[in-house]
């Protein structure tokens, strides 16, 4: 089955906003040393600035200047992201996170880097961290897809639900949930997701017909098992119109037609099912 592929990525722009570079209040015993090192960071550039940022987070467990230091470090990592140097970006962001595990800038960069590198376990690790700090549809989507690629169905469903909580009309995720529910034969749940997906697909073009057909089959099967053959027939008729290549849809349609005494139509549907897959 072909499902919709919706491009989703983490937006780093909101995370990389510069903070006001003002002097912190003098409520720390290391205030003078912190600010002196920060002034060096401000004055430096390139690899030197990056190194000084790491020195800062290694030296001071916590500081009011952390947001400012994170900003400058992020600025040094931005070229790696733009160049697609994902391994270097992952390493550099993890270096920083080892000292500031709650830093959103670095969690976002690590999540994107591991997405690009195709390392779902790492994506889950940092994507979960990022989501807990700043919940969003994009992050939940990436974590869901990572779990899906790992064939971890329970966690995929959990994160798919989180994605839909933020973006209830995300048709790709709705269709994926139809598929997941169908696979475990939870037909009622599959039909619920399918009806939601079909609403979202109303304005989509013909490239979405296979997804529409799959959703109609899910609605039809739930109705068929429940004994609502009129609804099942209507759904399967729509399914074969959208995607005539699925033998099961013709077979079920034939059963429904036979029950409603449309014998000739039923024979044609059975014949199509046989011709497609025997």
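With axes computed from alpha carbons, what is the tilt in degrees of helix 137-149 against the longest principal axis of the chain, rounded to the nearest 10 within 0 to 90? Taking Cα atoms only, the helix is inclined about 70 degrees. Listed peptides 184-192, 248-256 appear in the order 248-256, 184-192 once ranked by packing, highest mean of other Cβ atoms within 10 Å at the front.
Using 1/(1 + (r/R0)^6) with R0 = 35 angstrom and r between the beta carbons of residue 95 and residue 169, what's the FRET efficiency to the nearest 0.05? List each step's numbers first, then the result.
Numbers: r = 39 Å, r/R0 = 1.10.
After rounding, the FRET efficiency stands at 0.35.
A simple packing score, the average count of other Cβ atoms within 10 Å per residue, orders the peptides 210-217, 45-52 as 210-217, 45-52, with the highest score first. Axis angle, to the nearest 10 degrees, between helix 187-200 and the longest C-alpha principal axis of the chain: 70 degrees.
Before anything else, pin down the relative contact order of the chain: Cα pairs under 8 Å, at least 6 apart, normalised by residue count, whole percent.
Relative contact order here is 12 percent.
When only alpha carbons are used to place a centre, the stretch 58-125 and the stretch 135-163 end up 21 Å from one another. Result for the chain in a Gaussian network model with C-alpha springs under 10 Å: among 163, 30, 91, the largest mean-square fluctuation is at 30. Estimated from the Cβ-Cβ distance and a Förster radius of 35 angstrom, the FRET efficiency linking residue 78 and residue 161 is about 0.60. When peptides 199-205, 154-160 are sorted by average Cβ neighbour count within 10 Å, with the highest value leading, the order is 154-160, 199-205. Counting only alpha carbon atoms, the long axis of helix 229-242 and the longest principal axis of the chain meet at about 70°.
None of the figures in this text is laboratory data; all of them are computed from the coordinates on show. Computed from a prediction, not measured in an experiment: that's the story for all the values here. Note that each Cβ is placed from the backbone with ideal geometry, even for glycine, and that neighbours are counted across all protein chains shown.
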